[in-house]
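Colleague: What follows is a single structure, and I will ask about it in a moment.
The values are calculated or read from the model by the stated rules, or taken from the named source; none is laboratory data. Here the structure is a predicted model, which is why all the values come from computation and not from measurement. Note that we place each Cβ from the backbone using ideal geometry, even for glycine, and neighbour counts take in every protein chain shown. For accessibility, only protein heavy atoms count, side chains too; no ligands or nucleic acids. Shrake-Rupley method; radii C 1.70, N 1.55, O 1.52, S 1.80 Å.
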Amino acid sequence: MFQKTMTRTAAAILAAAMTFGLAAGAQAGERLDAVNAKKVLRVGTPADYRPFAMVENDAYVGHDIELIRAMAETAGWKVEFVRTPWKDLKAGIEGNKFDVAVGGITQTVERTGWGVFLPGYAPFGKVALVTAGTSDRYKVPEDLNKPSVRVIKNPGGTNEKYVLEHMQKAQISTHEKNYEIPGLIAEGKGDVMITETAEAKIYLKKFTGKLEAVFMDDPLTPVSEMGFWMPKDDADFIRVMEQLWHLTDIRGTQEALEEKWLD
């Protein structure tokens, strides 16, 4: 309910502030001109973060995937996915590799320096996935930061940032494929993975009896939200994307996808 209320509130604020609709017309900026000319929206995504974006059986799936497709369809655009590792998202935003990035991207103050976010969704805090039978070892966050604790992280995201800032005494290793890390923890090849509440819930179900989560009721970080992240070089493109987001909200698409993927 909190998640849906936040979405509704943000959408209402945006709707009240908008002065442009989908038809930005002759005043469109270069990015919007290019998207309209090709009828293609380039979407960057790591595609390794359930339930937001994944590649399964050679197809892109997940909450963010379905939502960005619905937004593009409303505008008469096709979607072209640009597979982009977490560590390269900033370069992709700044280097015009794509028009919007999705896939469970945390809204941070630092990232707003490089781009613009659409309204937040999926409120979360960071938690720890641990091997089943070991949760009693981690009573307080400091218990994660010990030389005996083996932490596996993926590179380039806010999970890595948390590990590097708060778990410097632990044994830290890096694994490129985020979606494989929960399995490694379940197999006992590592002790801890830092992730968000939504992803933790997914992997607890997938690895029933092999994984546990700690700090679910009292997350390691203050509440944050996910967001669709765009370059800030074209105000007209941003306004159109805001309107598309608003339309998917008032038409019930967002609520349906929340129930399907996030509840």
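Colleague: Does TYR179 fit the bill of being under 15 Å from the mean Cα position of the chain (by Cα) and assigned to a helix (DSSP H, G or I)?
Modeller: So TYR179 fits the description; yes.
Colleague: In the stretch 161-188, how many residues are charged (D, E, K, R), in contact (Cβ under 8 Å) with a residue 24 or more places away in the chain and over 19 Å from LEU211 (Cβ atoms)?
Modeller: Of the residues in that region, 2 qualify.
Colleague: Residues that are outside the structural domain of HIS175 (by the TED database) and crowded, with 22+ Cβ neighbours inside 10 Å, at least 1 per element: which helices (runs of 4 or more DSSP H) completely within the stretch 58-136 meet that?
Modeller: Values: elements: 63-75, 89-94, 109-112.
Helices (runs of 4 or more DSSP H) meeting the threshold: 63-75, 89-94.
Colleague: Within the stretch 158-177, is there a residue that is buried (at least 17 other Cβ atoms within 10 Å of the Cβ), in contact with a Gly (Cβ under 9 Å, 6 or more places away or on another chain) and not assigned by the TED database to the domain that holds ILE105?
Modeller: Scanning the stretch 158-177, I find no residue that is buried (at least 17 other Cβ atoms within 10 Å of the Cβ), in contact with a Gly (Cβ under 9 Å, 6 or more places away or on another chain) and not assigned by the TED database to the domain that holds ILE105, so the answer is no.
Colleague: Let me ask something additional. Looking at the stretch 196-221, I want the residues that are farther than 22 Å from VAL140 by Cα and have a partner that is in a loop (DSSP other than H, G, I, E, B) with Cβ atoms under 7 Å, at least 6 apart or on another chain. Which pairs are those?
Modeller: Going by the 7 Å Cβ cut-off, the qualifying pairs are ILE202/ARG50; ILE202/PRO51; GLY209/ALA132.
Colleague: Evaluate the stretch 156-163: report whether one residue or more is in contact with a helix residue (DSSP H, G or I) (Cβ under 7 Å, 6 or more places away or on another chain) and modelled with pLDDT of 95 or more. Write out each step before concluding.
Modeller: Of the stretch 156-163, the ones in contact with a helix residue (DSSP H, G or I) (Cβ under 7 Å, 6 or more places away or on another chain) are 156-157.
Then drop every residue that is not modelled with pLDDT of 95 or more, which leaves none.
So far as the stretch 156-163 goes, no, none of its residues is in contact with a helix residue (DSSP H, G or I) (Cβ under 7 Å, 6 or more places away or on another chain) and modelled with pLDDT of 95 or more.
Colleague: Please count how many residues of the stretch 145-157 are more than 22 Å from LYS206 (Cβ to Cβ) and either of a type in the set (A, V, I, L, M) or part of a helix (DSSP H, G or I) (or both).
Modeller: So the answer is 1.
Colleague: Considering only residues of the stretch 33-45 that are open to solvent by 10 Å² or more (accessible area, probe 1.4 Å) and in contact with a Lys or Arg (Cβ under 8 Å, 6 or more places away or on another chain), which is nearest to LYS206 (Cα to Cα)?
Modeller: ARG42
Colleague: Which numbered condition trips up LYS205, out of (1) under 20 Å from MET54 (Cβ atoms); (2) open to solvent by 50 Å² or more (accessible area, probe 1.4 Å); (3) touching a Lys or Arg at 6+ places or on another chain (Cβ under 7 Å)?
Modeller: Going through (1) under 20 Å from MET54 (Cβ atoms); (2) open to solvent by 50 Å² or more (accessible area, probe 1.4 Å); (3) touching a Lys or Arg at 6+ places or on another chain (Cβ under 7 Å) one by one, LYS205 breaks only (3).
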